[in-house]
Amino acid sequence: MGKRRRQRGEESVSSLTKKQKKHLKEFGEQHPFYDQVAKVEERTQLVDLPDSSEDESRAESEVESEEENTNMYQQLLATLRHVSDDEDDDEEDEDEDEGGAPVEDENEELASDAEDEDIEEEQEADGDDEAPGEHAGEDEEHGDDKEPTEPGDPAQEDGEDFTDSKHESRFSLETNFLEEEEEEDAEADKKEAAEPSVVNSEDPFKKHIERELEEDDINQITGNPKTTSSVKWPALGQLVCSSSLKKVQPLKSEKETDLTKFHLHKPLDSTWPRVSGSPLPDQSFTPLQRELFTIMNSYKDLYYPSRMVTAQGEEVRHVYCLHALNHVLKANSQVLNNNSKKRDQKKGLDEEDLRDQGLTRPKVLIVVPFRESALRVVQLLISLLEVPGKKVDVSNKKRFKNEFGSDPDEKPSKLKRPDDYEAIFAGNIDDHFRIGVSILQKSMRLYSPFYSSDIIIASPLGLRTIIGSEGEKKRDFDFLSSIEVLIIDQADIYMMQNWEHVLHLMSHLNLQPKDSHGVDFSRVRMWSLSNWAKYYRQTLLFSALQDPQINSIFNKHCFNYSGQVAVRNMPVTGSISQVLVQLPHVFQRLEADSVLSVIDARFKFFTEKILPQYRDAIMSHTLIYIPSYFDYVRLRNYFTKEELNFAHICEYTPKSGITRARHFFVEGERQFLLVTERFHFYKRYTLKGIRNLIFYELPTYPHYYSEMCNMMKAWNKGEEATWTCTVLYSKYDAQRLAAVVGAERTAQMLQSKKNVHLFVTGENN
């Protein structure tokens, strides 16, 4: 808990503490304790206390030491039972800004870029490109404004509290009220303050947050299987709705065009039509945005696996930023309105009606892969707050643009790469960052300390370095305890970075804090005190593809009592239809008893059944595509042990090694070339010299299948008849297989008694 500020009263009101200001406001004068007296030293009088007094003081000190050793939850209960007016004053005078973000540790560099059509020319053209995670070790430099000290800083270790005197009181929820400074808005504010609640009773926000769950409801969520139902919507397609509670209302498609039906908080109702980007002048939402926002606004969990970076990517980003900001504005307005009620001390005011907060202030967590994504999110938030003719006051905006914007001197790559690659890696692609954003009425503060922030925007790596691991001294994850809306955007990219960081984050969400961080427990919602925050958290998951690992996040880490909605559209054709070369595709099914055993079964099947067919010198120029890095290491070690003639490239290979391996493979000096999927993701080079292609496992991205096959055309020497393509799959690869060959063929291949299936593609067919 933060230290109290102990500043002597001065003539200037601005120099007074919050406690002094409160006393001055209530009584019209400062407390006598702060009266100016003559600076004359007084003689200290020694008094011998009786034994009983010593015993009492000793007992009091023992009680204090015991209270320090008790955990936070016991302190919380004691505070609820024995809270007094004096304790409320002390609680209000606490400094709440201890937190922040730790100094960032260095991260491992990945491979540099290399070649193009001609290996040496490509190396020169692409030498300036950034490798994945290249800036992960760079520490963020602070601007001119005094910014938060971070966990592990010397200032905190010495017991000092951070106070941003320039912005802290202005963005504090505890000391502000629901009133505007502009004279033209004064009348509207009075009307709004006179209303029983800032949020309309029909508002989904109010319904979701203020519903009090019972023990029976929690038991149903944790113990009962979910009931599912399917519905088809025009834009989203097939929806699978699931819920563990019977009282949850079914989801209906919202066709209203009137924004008042969506319960947008001001000024979003006036700014959204300008920001949405809808091509139709009379429509505030695109058809996709309207259906997505209908689900978001119902506070159900959402899994949307069709978020393509080249198609509806920006539409999705716009609509989840609208929902996040709408949630924050409503939550903060509720707190400020209750502050006004508490200040006015209206008759019949029930303290229980003032419970409007979580154990910590951060309400929304937005997880994005790169700094460029965070930059676009913040720009959208500013645009949504910006009313025409009135600019939003954004603190630390210049520093943010410098650290999250792209380098103006950076030269674009001369290589021609696919559109999806250009969209993913546009701008600043540093993947180690985190930033707090606090919003109060018409102002926004960037780089706010986490415990004074409403929204946290971060990458999985940026959160992992502050969350830490078990046993580390400098770790903090209390700021995740009261997250009410979790947005994970572009989840498929995290599989190319480090999926373990996402799992680590999910396991540290909505846990009971280890410290109170200056919270006023009389204002904390009861379900948050009961450690039921995870049952109220809404999770919005966006991805470009369906994958079992992403499905696992949605199925095992989402407990929203309002239910879940997943978009399940099965592919009809598959990416194999995009293969342009005339090529036979042999799909070989391997048998495995479980998901865990399929790894060893695939290795055994490959080394015993597939590899012997290609060891003959005639089968030269064989490229083996390996999605998993661990499988890549295993095969590399096996090839080395068997003394096979091979080269290998992964995302960690230096550009000199990439150049050498590609040269040897093209010239036929190496019979095999092992390539990881992450190398293809980060580089997207056209690999020449492929005659035989083996997919050790189906690719994560379905369009990578057709890309690799079409690379054979880049080295066409009239030998199409000798080209081959072999694919290994099992029954646990159903989703990836359907994305490659289509849903109907997948069902036939998995149910067939035959283990080998042949497809032929080509322009002449």
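The values are calculated or read from the model by the stated rules, or taken from the named source; none is laboratory data. In this text the structure is predicted, and so the values were computed from the model without any measurement. Counting neighbours? That spans all protein chains shown, and the Cβs are built from the backbone with ideal geometry, glycine included. These area figures cover heavy atoms from the full protein model, side chains too; ligands, DNA and RNA do not enter into them. Shrake-Rupley method; radii C 1.70, N 1.55, O 1.52, S 1.80 Å.
From (1) in contact with an Asp or Glu (Cβ under 9 Å, 6 or more places away or on another chain); (2) farther than 21 Å from Arg317 by Cα, pick out the condition that doesn't hold for Ile439.
The single condition Ile439 does not satisfy is (2).
Taking the conditions exactly as written (over 30 Å from Leu529 (Cβ atoms) and open to solvent by less than 30 Å² (accessible area, probe 1.4 Å)), does Asn339 satisfy them or not?
Answer is no for this residue.
So Leu336 passes all but one of these: (1) in contact with a helix residue (DSSP H, G or I) (Cβ under 6 Å, 6 or more places away or on another chain); (2) in a helix (DSSP H, G or I); (3) aliphatic (A, V, I, L, M). Which condition number does it fail?
If we test Leu336 against (1) in contact with a helix residue (DSSP H, G or I) (Cβ under 6 Å, 6 or more places away or on another chain); (2) in a helix (DSSP H, G or I); (3) aliphatic (A, V, I, L, M), just (1) comes out false.
With the requirement that a residue be within 21 Å of Lys609 (Cβ to Cβ) and of a type in the set (Lys, Arg), what does the range 672-719 give you?
Arg691
Out of (1) at pLDDT 90 or above; (2) assigned to a loop (DSSP other than H, G, I, E, B), what's the single condition that is false for Cys241?
Condition (2) is where Cys241 drops out.
Take the residues in the range 649-665 that are open to solvent by less than 40 Å² (accessible area, probe 1.4 Å) and without any contact (Cβ under 8 Å) to a residue 60 or more places away in the chain, then tell me which one is farthest from Leu693 (Cα to Cα).
Gly657
Can you give me the ranges of the helices (runs of 4 or more DSSP H) entirely in the range 385-469 with at least 2 residues that are free of Cβ contacts under 8 Å to residues at least 60 places away in the same chain, farther than 24 Å from Gly358 by Cβ and out of contact with any helix residue (DSSP H, G or I) (no Cβ under 9 Å at 6 or more places or on another chain)?
Because the criterion is at least 2 residues that are free of Cβ contacts under 8 Å to residues at least 60 places away in the same chain, farther than 24 Å from Gly358 by Cβ and out of contact with any helix residue (DSSP H, G or I) (no Cβ under 9 Å at 6 or more places or on another chain), no helices (runs of 4 or more DSSP H) in the range 385-469 meet it.
With the checklist (1) in contact with a helix residue (DSSP H, G or I) (Cβ under 8 Å, 6 or more places away or on another chain); (2) among the acidic types (Asp, Glu); (3) open to solvent by less than 20 Å² (accessible area, probe 1.4 Å) in hand, flag the one item Glu291 doesn't pass.
Only one criterion in (1) in contact with a helix residue (DSSP H, G or I) (Cβ under 8 Å, 6 or more places away or on another chain); (2) among the acidic types (Asp, Glu); (3) open to solvent by less than 20 Å² (accessible area, probe 1.4 Å) is unmet by Glu291, namely (1).
I'd like to verify a number: residues in the range 614-648 that are part of a helix (DSSP H, G or I), open to solvent by less than 80 Å² (accessible area, probe 1.4 Å) and farther than 25 Å from Glu667 by Cβ, how many?
Qualifying residue count for the region: 3.
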